[in-house]
Each structure stands twice: as C-alpha cells, then as structure tokens.
Amino acid sequence: MGICSFLDDSEDVDEHLGLPEAPQKEVHICRGFRWRVSNPRAVAPPAGVYLLGKLAQRKIREIQEREAAEYIAQARRQFHFESNQRTCNMTVLSMLPTLREAIVHHLNSESLTTLLRSKPTNKLEIWEDLKIISFTRSTVAVYSTCMLVVLLRIQLNIIGGYLYLDNSISKNGTNPQAPPEVQQQYLSSIQHLLGDGELPILSHNIRTHVEEGYRGLTPKPLSWYMMPDEETTLAAQACGLTEKDVATIKLLNETRDMLESPDFKTVLSTCLQRGFSRFLDNMAEFFRPSQVDSAHTGAPDSLSHVRLPLAKIIPIVNGQIHSICSEIPSHFVQDLLMIEQVKEFAANVYEAFSHPHELEK
C-alpha cells in the first residue's frame with residue numbers, strides 16, 4: 001500500500017469513529033508527491049534556464065570589467081594630461097628670458113638712455129625715439145608672450161596626445177608617433193617666434209603702429225608670425241626626407257591647422273585682452289597717489305587726476321618688459337596661464353590627439 005492510499009484510508013476511519021478531521025497538510029504533500037511521480041522531468045529546472053543564468057552572469061561580469069577598464073584608462077589619461085599642463089607652464093617660464101633678450105636686442109632703448117646722459121644737442125629727437133621704442137617693446141612683449149603661451153599649449157598638447165598613445169600601444173610593437181628625435185625637431189620650430197624669424201618683422205610693424213598713434217595699420221594674422229611657411233620647412237626638401245622628417249612635417253601641418261581654427265583666434269584674442277589689462281594695471285601702480293597725498297591735496301583717488309612728466313613715464317613703460325617676460329611667475333604670466341579658455345583649448349587639443357583614431361590616419 002502506498003503512502004497516499006494509507007492516508008486516504010485513515011480519513012475514512014476517522015470519519016467512521018467521529019474523530020476530528022486531520023490537518024490538510026498531509027493531503028497537499030500527497031498531491032505534490034503524485035504530481036512529481038507523474039511528471040518526473042519537472043523535478044529539476046530546465047537546463048536552458050541554467051545556461052541563460054550563466055550567460056547573464058558572464059555578460060554582467062564583462063560589462064563590469066569593461067567599465068572598470070574604461071575608468072582606469074580615463075583616470076590615467078587625465079593624470080597624463082594634468083602632468084602635461086604643468087610641463088607647458090614650466091616650458092613657458094623657461095623660454096621667457098630668451099624672448100625678452102630677443103626683444104631687447106631688436107628694440108634697444110638702453111643705448112638711447114646712455115646717449116642722453118651725455119647731453120647731446122639733439123636731445124629732444126632722442127627722447128622722441130626713446131618714447132617710441134619704450135611703448136613698442138612693451139607692446140611687442142605683450143603680443144609675443146601671449147602668442148608663446150598659446151603656441152606652446154598647442155605644440156605640447158599635440159605631443160602629449162601622441163605620447164599617451166605611444167605609451168598605450170607600446171606593447172603591440174607599433175612604431176611610436178612621436179619619438180624623441182621628432183619631438184626635438186618639431187619643438188625647435190618655436191625659434192621662428194623667439195629667434196630671428198618673424199620677431200623683427202612683428203617689432204617693425206608694431207613700431208609703425210605706435211608711431212601713427214595705434215592707427216592706420218592693418219596687421220597680418222598673428223599666426224603668420226608663429227609658424228614658418230610650408231615652403232620654408234622640411235617640406236621644401238623634395239627628396240631625401242627621412243621617416244622622422246615626414247613625421248615632423250605631419251606635426252607642423254597639424255599645428256598650422258590649429259592656428260587657423262576659430263578657437264585659436266578666440267583664445268589668443270582673450271589672452272591679448274587679459275595681457276593688456278594686466279599691463280595697464282601694472283602701470284597704474286606707479287601713478288596711483290598715496291593716501292597721504294590724496295588727503296593733502298583733496299583730490300579723489302583716481303588715475304584720471306594724475307599728471308606725470310613724460311620723463312618719468314618713459315622709464316616705467318620701458319621697464320615693463322622685465323615684468324611681462326619674467327621667468328619668475330609674475331601676475332602677468334599667471335593671469336595668462338590661468339585663463340579658463342586657454343585650459344579648455346588645451347584640453348580639446350589633447351583630446352583630439354590622444355584618441356586612438358589618430359593611429360588610423
């Protein structure tokens with residue numbers, strides 16, 4: 001007799017003897033037992049459900065691993081970018097003395113100052129020349145420093161993006177995009193701005209502008225002073241180009257593309273506005289009357305009420321180059337380096353050249 005038959009018979013006995021009904025728990029157990037006996041394949045879950053569960057777990061694990069790898073890669077790239085920006089700042093400071101010496105060489109006011117001490121007969125003529133040179137070289141210093149800051153941001157972030165890619169793919173045996181020899185050859189193009197390239201022409205054009213009262217001069221695009229023409233670069237060598245030369249030409253052409261972009265013009269314009277604003281602030285410190293003088297004369301503390309002879313103004317203007325092109329971080333240079341548009345522009349350049357699609361070009 002089966003368990004279920006025994007339970008059924010026990011129900012009949014209980015009813016005949018007038019005993020209370022037994023709990024229904026045993027009845028449910030019996031029915032479950034009967035169902036399992038008649039459906040033996042339904043005792044365990046189907047194998048397909050088990051495989052789907054395993055597949056889902058594997059997919060979730062793959063997604064988690066991919067997200068973790070992307071997060072690590074993004075964090076590594078962000079760290080490399082921030083390190084690259086510190087390198088940019090230090091490079092700007094290290095090149096400012098060279099720029100200052102070049103400007104002083106082309107716009108030498110010290111010789112005129114020495115000549116004035118000898119009390120020459122053409123003293124007024126020399127004073128006029130000294131005035132023009134003083135304002136010219138301060139203006140050239142503002143322009144060239146702003147151009148240096150933006151140009152180095154472009155060059156070093158192009159290099160930085162390629163270096164990030166080189167470090168990322170070095171294990172694959174791929175040729176580096178920016179080996180040290182190419183970097184050196186490419187970055188040497190900065191001498192076009194610092195050396196005897198276009199700086200004398202920029203100085204001459206600005207001097208003409210100053211002589212005419214900052215009127216009547218249509219300047220060339222500033223990017224023209226920052227990079228040599230393609231005809232004067234390695235591209236002019238129709239034959240005999242090495243693989244490193246070709247890589248350098250590629251970097252120079254990419255830099256020219258950046259210099260022709262609307263973003264570059266906007267960023268450089270912002271830098272020039274900030275630079276001349278800081279230049280005027282520096283000048284104002286020499287003209288601002290002290291509180292004692294203001295109280296004594298009763299005049300308001302305003303620069304519009306200050307009057308100084310030209311003989312005192314010229315040395316102040318003439319000496320501004322040492323503050324503008326200072327290798328020690330000054331307010332002028334710090335203002336330029338901390339401009340938000342400069343930071344965003346640098347980030348966009350780095351992002352463009354640190355993306356793997358650059359390897360496909």
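Would you kindly find the accessible area of His209, with a 1.4 Å probe and non-protein molecules such as ligands, DNA and RNA excluded, rounding to the nearest 10 Å²?
That residue has around 50 Å² of solvent-accessible surface.
Where Lys and Arg each count +1 and Asp and Glu each count -1, what net charge lies around Glu62 among other residues with Cβ under 14 Å from its Cβ?
+2
Please list log₁₀ I(q)/I(0) at q = 0.19 Å⁻¹ for segment 77-219, using the Debye equation with identical point scatterers on the alpha-carbon positions.
-1.10
Per-residue counts of other Cβ atoms within 10 Å, averaged by peptide: what ranking do you get for 337-350, 309-322, 142-155, highest first? Kindly include the intermediate steps, with their values, before the conclusion.
Numbers: 337-350: 17.2, 309-322: 15.3, 142-155: 24.6.
Sorting 337-350, 309-322, 142-155 by mean packing, highest first, produces 142-155, 337-350, 309-322.
Between Glu340 and Trp224, what FRET efficiency comes out of the Förster formula 1/(1 + (r/R0)^6) with R0 = 35 Å and r the beta carbon distance, rounded to 0.05? Before the final figure, lay out the partial values.
Values: r = 27 Å, r/R0 = 0.76.
In this case the efficiency is close to 0.85.
Beyond 21 Å between alpha-carbons counts as too far, so tell me which of Lys123/Lys312; Lys220/Lys343; Lys131/Lys312 fall in that bin. Numbers along the way, then the final one.
Working: Lys123/Lys312 16 Å; Lys220/Lys343 26 Å; Lys131/Lys312 11 Å.
Beyond 21 Å: Lys220/Lys343.
Less than 10 Å Cβ to Cβ from Ile324, Lys/Arg counted +1 and Asp/Glu -1: what total charge do the surrounding residues give?
Working: positive: Arg100, Arg137, Arg278; negative: none.
Cβ neighbours under 10 Å give a net charge of +3.
Of Asp281, Asp257, Asp245, which has the most accessible area with a 1.4 Å probe, and how do the rest follow in descending order?
Working: Asp281 70, Asp257 100, Asp245 20 Å².
Final ranking, largest accessible area leading: Asp257, Asp281, Asp245.
What does the net charge come to around Asn282 if you take all other residues with beta carbon closer than 13 Å to its beta carbon, with K and R at +1 and D and E at -1? Kindly include the intermediate steps, with their values, before the conclusion.
Working: positive: Arg274, Arg278, Arg288; negative: Asp281, Glu285, Asp335.
So the environment of Asn282 carries a net charge of 0.
What do you reckon, how do Thr208, Thr255 stack up by accessible area (1.4 Å probe), largest on top? Mind showing how you got there, number by number?
Values: Thr208 40, Thr255 0 Å².
Accessible-area ranking of Thr208, Thr255, largest first: Thr208, Thr255.
At 0.36 nm per residue, and after removing the present C-alpha to C-alpha distance, how many nm does the segment from Glu70 to Asp129 gain when stretched out fully? Let's see the in-between values first.
Details: separation 59, 0.36 × 59 = 21.24 nm, distance 6.20 nm.
That pair, Glu70 and Asp129, stretches by 15.0 nm at full extension.
The values are calculated or read from the model by the stated rules, or taken from the named source; none is laboratory data. All values derive from a computational prediction rather than experimental measurement. Every residue, glycine as well, gets a Cβ built from its backbone with ideal geometry; the counts of neighbours run over all protein chains shown. Each accessible area value is taken on the protein alone, full model and side chains, heavy atoms only, with ligands, DNA and RNA left out. Shrake-Rupley method; radii C 1.70, N 1.55, O 1.52, S 1.80 Å.
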